[in-house]
Amino acid sequence: MRDVQCTVEARATYDTLPAERRAQLDKAVRILARDPFRKTSTAPLGPDEHLRRAYVAPGLKLEYMVDEADAQ
């Protein structure tokens, strides 16, 4: 599983979410930490495969970067 880090802004937004939405996001992050290139639920942001987007719940989108040095 990969290490997950977030920006200060992302954490501030997370902290304002209701508990149900935080639980949805936590589950999605755990799944993406195991397989950040999931073909069924993610897409690249532009030409770089390491910049990704995932819609993880209705109205909840993640944009993230995969650092290959972190792969285990």
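Within the accessible area of the chain, the carbon and sulfur atoms contribute 55%, probe 1.4 Å, all protein chains present.
Binning all Cα-Cα separations of region 1-64 at 10 Å, short to long from zero, yields these whole-percent fractions: 20, 56, 23, 1. With contributions of -39500 (n - 2.57) from each DSSP H run of at least four residues, the per-residue ellipticity at 222 nm computed over the chain stands at -11000 deg cm²/dmol.
Between Thr7 and Lys27, the simple label model (points 7 Å from Cα in the Cβ direction) yields a spacing of 2.7 nm. Of the residues Leu51, Leu25, Leu60, the one that moves most in a GNM of the chain with alpha-carbon contacts below 10 Å is Leu60.
Based on protein heavy atoms only, the chain ends up with 73 Å² per residue of surface accessible to a 1.4 Å probe.
The values are calculated or read from the model by the stated rules, or taken from the named source; none is laboratory data. Quantities reported herein were computed from a predicted structural model and do not represent experimental measurements. Positions of Cβ are generated from backbone atoms using ideal geometry, with glycine treated the same way; all protein chains shown enter the neighbour counts. These accessible areas exclude ligands, DNA and RNA; they are computed on the full protein's heavy atoms, side chains included. Shrake-Rupley method; radii C 1.70, N 1.55, O 1.52, S 1.80 Å.
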